[in-house]
1. With every protein chain in place, what's the accessible area of Asp118 (1.4 Å probe, Å², nearest 10)?
2. Measure off, as a whole percent, the carbon and sulfur share of the 1.4 Å-probe accessible area of segment 45-94, all protein chains present.
3. Pairs of alpha-carbon atoms within less than 8 angstrom and 6+ residues apart define the contacts here; what relative contact order does segment 50-106 have, in percent?
4. Taking a probe of 1.4 Å, how large is the accessible area per residue of segment 1-103, in Å²?
5. At a threshold of 8 angstrom on Cα-Cα distance, excluding pairs fewer than six apart, so keeping six or more, what relative contact order does the chain reach in percent?
6. Rolling a 1.4 Å sphere over the protein heavy atoms, what is the accessible area per residue of segment 143-212, to the nearest Å²?
7. Quick check on the chain: take the gyration tensor over C-alpha atoms, sort the square-rooted eigenvalues as a ≥ b ≥ c, and tell me if it's rounded (a/c under 1.5), prolate or oblate.
8. Considering only the other residues whose Cβ falls under 15 Å of the Cβ of Val147, what net charge follows from Lys and Arg at +1 and Asp and Glu at -1?
Amino acid sequence: MLAIPAIDIYKGKVTRLLKGDFAQYKFYNKTPLEYAKGFDSIGLPWLHIVDLEASLNGNISVVDQLREIKSSTSLKVQFGGGIKNFSNAETMINYGADRIIVGSISVTNKNEFEKILDQYNSGKIVVAVDVSEEIIYLKGWTEKSRVSLWDHLQYCTSLGINYFLCTDISRDGTLNGPNISLYKKIMDKYSNISLIASGGVGKLDDLCELKDSGIYASVVGKAFYENKITLEDLRSFVS
C-alpha cells in the first residue's frame, strides 16, 4: 500500500481543516515545496495537493506551487479542488497534474464529467467520494446529496473509472482512526478498483491496518504535520 502525503493549500499556506470546516483551520510553518522535498527525499512517488480555496469558489489558486513542486522534485501529483468543468481539468493537466480528482461534477454535471473522461484516459482521473453515513457530500463537503455511495460507485465503475478517493468526513482531521469497516465493505463489493482511503489516520498502526484491508493507498495529512507519523514511518509505504 502506498502512503500519499497531503498538502492542503489555503491562502498559499499548508493548512489542515477539521472535518472540512473552514472555521477550524491551522496553518503550518513550512512552504508546500519544503514539505514536498521531504516526501521526495524518502522515495514516496505521489503527492496529494488540494486547493482549498478552489474547492469553495472554483478559482484555482495553486498553479505556482504545483509548477514549483513538479520542477523541483520527482513527485507525481494528484490534484483536487476546483475541478468544476472540462476547462479546469484541462488547465491542471496542462500545468503538470498527473491525476486530477473530480468530485461534485461527477454527481451534479455528468455531461461535463463524461466529457473529461472522453478526453483523458481513466488513469488520469480520480473520483472523490466524500461521504457521511454512506451518502455523497458535495461542494467541499458543504452540501448533502441524495446519492448513495453505492449508486455512485456503480455509475463510475460502469464508465471504466478505476481510482477512487473515499473520505469519511466525520473522521477527517480528527486523528481518531480511519473507517476501516467502510473500506473493507467497498473492497468486498469492488475488489478490482484502486481505492485511496482518506480521513482519520492518526498513527502508524492505522496505516498498517489499512494496508491489511487490501486498499491501494492512503492519504496521510494531519498525522504527519502534528508529528504523529514521521518521514521514517512513511518509508515503509512507498509501493
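The values are calculated or read from the model by the stated rules, or taken from the named source; none is laboratory data. In this text the structure is predicted, and so the values were computed from the model without any measurement. Positions of Cβ are generated from backbone atoms using ideal geometry, with glycine treated the same way; all protein chains shown enter the neighbour counts. Only protein heavy atoms, including side chains, enter the accessible area calculation; ligands, DNA and RNA are left aside. Shrake-Rupley method; radii C 1.70, N 1.55, O 1.52, S 1.80 Å.
1. 130
2. Working: 760 of 1940 Å².
The computed percentage sits at 39.
3. Values: 78 pairs, mean separation 20.3, N = 57.
For segment 50-106, the relative contact order is 36 percent.
4. Details: 4090 Å² over 103 residues.
Per residue, segment 1-103 has an accessible area of 40 Å².
5. Details: 476 pairs, mean separation 49.4, N = 239.
Relative contact order comes out at 21 percent.
6. Numbers: 3170 Å² over 70 residues.
Ligands and nucleic acids excluded, the figure is 45 Å² per residue.
7. Numbers: a/c = 1.36, a/b = 1.11, b/c = 1.23.
Verdict is rounded for the chain.
8. Details: positive: Lys110, Lys139, Lys144, Arg146; negative: Asp130, Glu133, Glu134, Glu143, Asp151.
Spelling it out: positives minus negatives among the neighbours equals -1.
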